[in-house]
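Report on the following structure.
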Amino acid sequence: MTLRHFFIVLTACSGIAVAAATAANEMTVNIVDKTGQPLANAVLMIDDGLLTEAARSEASAHIIDQVDRQFTPFMTAVKTGSTITFPNSDNIRHHVYSFSQPKPFELKLYADGERPSLRFEQPGLVTLGCNIHDQMIAHIVISDRRTAFVSDPRGKITLSLAQSAASSVSATLWHPWQGADLSHARSVKLNPTEQQTLQLEVTAPAPPEPPKSRLQQRFNRTGNQ
Ligand SMILES: [Cu+2]
């Protein structure tokens, strides 16, 4: 082996070592429900100190839009001090409110073109509703010294743990089907070197019953008489 060859081999080996070290930090967490189906909108909360700097969230600007009488996204995770803008992309008015303790608020009837925004200073859960459309619900998880990750439609969360993180990292996992406040969150352990599946004992709530037809309504009225 010539000296030149030796250097090429050495460089290639150190490249592999760096790639392996980086790969060990990156991990994918698959969240599934009670039946093993991928669970979207689950929130995994991890102390900032256990994450690489790039993986930590910081106070920033977010948007929760209103489209086809739904909030989008359904789940938003932010750092304390973040600002959220609430545009209305429908051509009807909405009346957005929350009774949640970290940020009770009300954005009275407003229409397309307006973009009110609010700052979220206190950690916790804020659940939004619309005073006119009962089916409109969204959640905001506000964290302080933790970063909250939201699972995508395939139930996946990708994150990067700090090199200094122990072999088993404590985290908290919450989904609104567990109960509509963070006290229902479950403690979980993450193994930094593995792809991991976490199961939550939840299933989709039954969809609301479709409204009765006019004929059924008339029949019920007659039956009640
Ligand atoms: Cu509405």
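The values are calculated or read from the model by the stated rules, or taken from the named source; none is laboratory data. From a predicted model like this one, the values you see are computed outputs, not experimental measurements. All Cβ positions, even for glycine, are placed from backbone atoms using ideal geometry, and neighbour counts span all protein chains on display.
Using the structure shown, decide if M136 is within 13 Å of the ligand (Cβ to nearest atom) and within 20 Å of the chain's Cα centre (by Cα).
Working: within 13 Å of the ligand (Cβ to nearest atom): yes; within 20 Å of the chain's Cα centre (by Cα): yes.
Taking the combined requirement at face value, the residue satisfies it.
Kindly indicate which of G36, G124, G129 is out of contact with any Asp or Glu (no Cβ under 7 Å at 6 or more places or on another chain), modelled with pLDDT of 95 or more, over 28 Å from Q163 (Cα atoms) and within 13 Å of the ligand (Cβ to nearest atom).
On the way: G36 fails: within 13 Å of the ligand (Cβ to nearest atom); G124 fails: within 13 Å of the ligand (Cβ to nearest atom).
When all the criteria are applied, what remains is G129.
A quick yes/no check of all residues on (1) part of a loop (DSSP other than H, G, I, E, B); (2) closer than 30 Å to I84 by Cα; (3) not hydrophobic (A, V, I, L, M, F, W, C):
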| site | (1), (2), (3) |
| --- | --- |
| I157 | no, yes, no |
| S160 | no, yes, yes |
| A171 | no, yes, no |
| V202 | yes, yes, no |
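Condition first: exposed (fewer than 13 other Cβ atoms within 10 Å of the Cβ) and within 16 Å of the ligand (Cβ to nearest atom). Can you find one or more residues in segment 144-165 that meet it?
No, segment 144-165 contains no residue that is exposed (fewer than 13 other Cβ atoms within 10 Å of the Cβ) and within 16 Å of the ligand (Cβ to nearest atom).
Which ones in segment 106-124 are part of a strand (DSSP E or B) and within 21 Å of the chain's Cα centre (by Cα)?
As a first pass, look at segment 106-124 and keep what is part of a strand (DSSP E or B): 106-110, 117-120, 124.
S117, L118, R119, F120, G124, listed by residue number.
Give the residues of segment 92-102 that are within 12 Å of the ligand (Cβ to nearest atom) and either part of a loop (DSSP other than H, G, I, E, B) or free of Cβ contacts under 8 Å to residues at least 24 places away in the same chain (or both), sorted by residue number. Working first, answer last.
Filtering segment 92-102 down to residues within 12 Å of the ligand (Cβ to nearest atom) leaves 92-97.
Residues satisfying the conditions are I92, R93.
If we keep just the residues of segment 46-63 that are of a type in the set (A, V, I, L, M) and surrounded by fewer than 19 Cβ atoms within 10 Å (Cβ to Cβ), which is farthest from the ligand (Cβ to nearest atom)?
Result: A54.
From the list F74, F105, exactly one residue is at pLDDT 95 or above, within 16 Å of the ligand (Cβ to nearest atom) and under 21 Å from W177 (Cβ atoms). Which is it?
Details: F105 fails: under 21 Å from W177 (Cβ atoms).
After applying the criteria, what remains is F74.
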